[in-house]
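Below you'll find the structure, written out as structure tokens, and then a few comments.
Values in this text are rule-based calculations from the coordinates and carry no lab data. These numbers come from a predicted model, not from an experiment. Quick reminder, even Gly has a Cβ in these numbers, built from the backbone with ideal geometry, and neighbours come from all protein chains shown.
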Amino acid sequence: MSDAAPASGVVDGLFRRSAGRLVSMLAGRLGADRLDLAEEAVQDALLRALELWPHRGVPADPEAWLHTVARNRALDLLRRETRSATLLAAADRELAAPAEPTTAARDEVRLLLLAAHPSLTPRARVVLALKLVAGFGTREIARALFADEAAVAQMLVRAKRTIRSSGIALAPPTPADLEQRLASALDTVYLMFNEGHSASEGELAIREDVCVAAIRLGELLAADPDTARPEVFALLALMSFHASRLAARIGPAGELLTLERQDRSRWDRARIDAGLRYLDQAAVGSRVTHWHLEAGIASLHAVAKRSDEVDWRTILQLYDRLLELRPSPIARLNRAVALARVEGPEAALEEVRVVAGHPALANYYLLAAVEAELQSALGDSAAARDALARARAGARTAPERALLDARIAELGSQAEREPPSRE
Amino acid sequence: MPKFLMLARDDGSAFAALSPKEAEAIIGRYIAWSNGLQEKGHLLGSEKLHDETGKTVSRSGGSLAVTDGPYAEVKEVVGGFWLLEAPDYDTAVRLASDSPHLDFGTLEVRQIHELDRG
């Protein structure tokens, strides 16, 4: 009976949430150069819970219990580190202040903005945010990001060293700074989300965890008056729409399913509704960011009851604006898919050929996969098969390969029915 | 009903380097297990012993010796216990065999000798 036991008495997700909150609280009060100490104190508090709660039961207010233990542990560790009575007294005072829900959330936002600091690499920002704010363990991060555990640990050490040596503080960024830092934080959150969202072999549970964590970080930014900008809500909308399809995008054979092939009844209605609400909240002010446009595109897919009811014309317009605002070869490739629906495969193929030369898309399996669909629509199954073979060679994960294998098999059986046109 | 003491031993390393989520899952399993004992009326009490401190008191040749421990040199230390009521040894052992603690250490099941049972 013990194996699948629910955490009776322990609020589900309490430890991960508390870890992020407590590290933020301790770092917020002791300074960014004491991140390691904050993490150690929190880790010790969780270990203490692990030792005591099985015997003594879960305390009436488990969060408050963890808070007290982590705070006391932090003071112990500080005493070991320094003999300066003034420093200890100051830390004691800082840590004695009770945790108000509002200051707790602000501490988390500040730590997230710190993790999104431009002096760190984009991937290090994701790893740091997962570790410090989202309460993930190093091994979990490695599994979720398909990385080596030692490499993740090393990245964390280096990132924290950078923070210490550059004297990056946890103080609230100046208004001018905030603009840039928030943009970087949104990129970090979305990168995190995509790491979880991009289908990979096995381990779907941990990847969904990463998506949920990214959404929670977005919600933190949305709840803080300093960072609750329209683009934050737009990003939340975008993530909610994508998250609504998490369960539906893998087929029975473990293959990735394209939007048209997904069973729309399996899309998570609650997440779509949340996305629509966020989109409403994003529609404030006159500034339209790329997050708004991407969320708008995702919403049109999400609200279509059937795949032939998708409003491709509006999607194409949104892609046009997106490309004006933020030109990127991937957006242009996606636009070509919409273009095929509106103007036909010929025009789309023309576009695909133009973006094909872009170095960012070299060996990108979706480029060849899109080309294959267009060639197939134009009736050139030999060219379609050739493109699928190239896509298959560039695919990196098992679900991607399974998707392409299924398409190759489909084309093959079509070819049997109608003899291929050969030059 | 006969009473049994379940002594939980472990080497203290099992819980090191766990992620918050892993720690929470383990606590959940222990709590579910002890809730089960409670619901069936087996559980009388449970305590955790301090790991870091401990004294062994002995007397040899008239002189008292107090040493720190037992730990360090002992591989598995008693970290805590559960006090149970069960009709017989078989039942007590069965209750122990469901415990998540077996993933991290051992359980020693001992019946408490009661005066009226000789």
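A compact table of results
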{"item": "Test item: Cα-centred dipole of chain A, Lys/Arg +1 and Asp/Glu -1 on Cβ, debye", "result": "920"}
{"item": "Exposure proxy ranking, count of Cβ atoms within 10 Å, fewest first, for A:Lys131, B:Lys21, B:Lys3, B:Lys75", "result": "B:Lys75, B:Lys3, B:Lys21, A:Lys131"}
{"item": "Inter-chain Cβ neighbour average for residues B:28-41, partner chain, 10 Å", "result": "5"}
{"item": "Rounded FRET efficiency, nearest 0.05, which uses the C-beta distance separating A:Asp33 from B:Leu5 and R0 of 56 Å", "result": "0.70"}
{"item": "Residue exposure sequence - A:Arg306, A:Arg353 - by fewest surrounding Cβ within 10 Å", "result": "A:Arg306, A:Arg353"}
{"item": "Approximate spin-label separation A:Arg164-A:Val11, in nm, with each point projected 7 Å along Cα-to-Cβ", "result": "3.3"}
{"item": "Approximate spin-label separation B:Tyr89-A:Ala85, in nm, with each point projected 7 Å along Cα-to-Cβ", "result": "6.2"}
{"item": "Global form of the stretch A:88-133, assessed from the alpha-carbon gyration tensor, a/c cut-off 1.5", "result": "prolate"}
{"item": "With Cα atoms, 0 to 90° folded angle of helix A:290-303 axis to chain A main axis", "result": "60"}
{"item": "Among A:Asn194, A:Leu316, A:Leu47 - extreme Cα towards positive end, dipole of chain A, charges at beta-carbon", "result": "A:Leu47"}
{"item": "Equivalent ellipsoid semi-axes, the protein assembly as shown, via Cα gyration tensor eigenvalues times 5, rooted, Å", "result": "53, 31, 20"}
{"item": "Nearest 10 degrees, 0 to 90: helix A:175-197 Cα axis against chain A principal axis", "result": "60"}
{"item": "Kirkwood-based shape ratio for chain B, expressed as Rg/Rh from alpha carbons", "result": "1.04"}
{"item": "Length added when fully stretched, A:Arg93-A:Thr397, from 0.36 nm per residue minus Cα-Cα", "result": "104.2 nm"}
{"item": "Shielding by other protein chains, A:38-48, mean Cβ within 10 Å", "result": "2"}
{"item": "Mean separation of Cα contacts under 8 Å (6+ apart) over length of the stretch A:298-338, as relative contact order %", "result": "34"}
{"item": "Sites A:Gln180 and B:Asp116, calculated FRET efficiency, Cβ-Cβ separation with R0 60 Å, nearest 0.05", "result": "0.15"}
{"item": "For the stretch A:142-249, convex hull of alpha carbons as volume per residue, Å³", "result": "99"}
{"item": "Neighbour-count order for B:Thr53, A:Thr82, fewest beta carbons within 10 angstrom listed first", "result": "B:Thr53, A:Thr82"}
{"item": "Modelled FRET efficiency - R0 56 Å, B:Ser13 with A:Val354, Cβ distances, 0.05 increments", "result": "0.40"}
{"item": "Lys pairs, the protein assembly as shown - Cα-Cα below 21 angstrom, 8 or more residues apart or on other chains", "result": "6"}
{"item": "Chain B, helix-only ellipticity at 222 nm - DSSP H runs n ≥ 4, -39,500 (n - 2.57), divided by all residues, nearest 500", "result": "-8000 deg cm²/dmol"}
{"item": "Helix-derived mean residue ellipticity, 222 nm - over chain A, DSSP H n ≥ 4, -39500 (n - 2.57), to 500", "result": "-22500 deg cm²/dmol"}
{"item": "Residue with peak Gaussian network fluctuation, chain A [Cα springs, cutoff 10 Å], from A:Arg264, A:Arg245, A:Arg158", "result": "A:Arg158"}
{"item": "Length added when fully stretched, A:Asn194-A:Thr121, from 0.36 nm per residue minus Cα-Cα", "result": "24.6 nm"}
{"item": "Three-way shape label, the stretch A:41-141, alpha-carbon gyration tensor, a/c 1.5", "result": "oblate"}
{"item": "Top of A:Leu30, A:Leu367, A:Leu378 by mean-square fluctuation, Gaussian network on chain A, Cα under 10 Å", "result": "A:Leu378"}
{"item": "Nearest-20 debye value, the stretch B:1-100 charge dipole, Cβ charges on Lys, Arg, Asp, Glu", "result": "180"}
{"item": "Cα gyration tensor, the stretch A:155-314 - rounded (a/c under 1.5), prolate or oblate", "result": "oblate"}
{"item": "Paramagnetic reach from A:Asp187 (point 7 Å along Cα→Cβ, amide N under 12 Å) across the stretch A:259-289", "result": "none"}
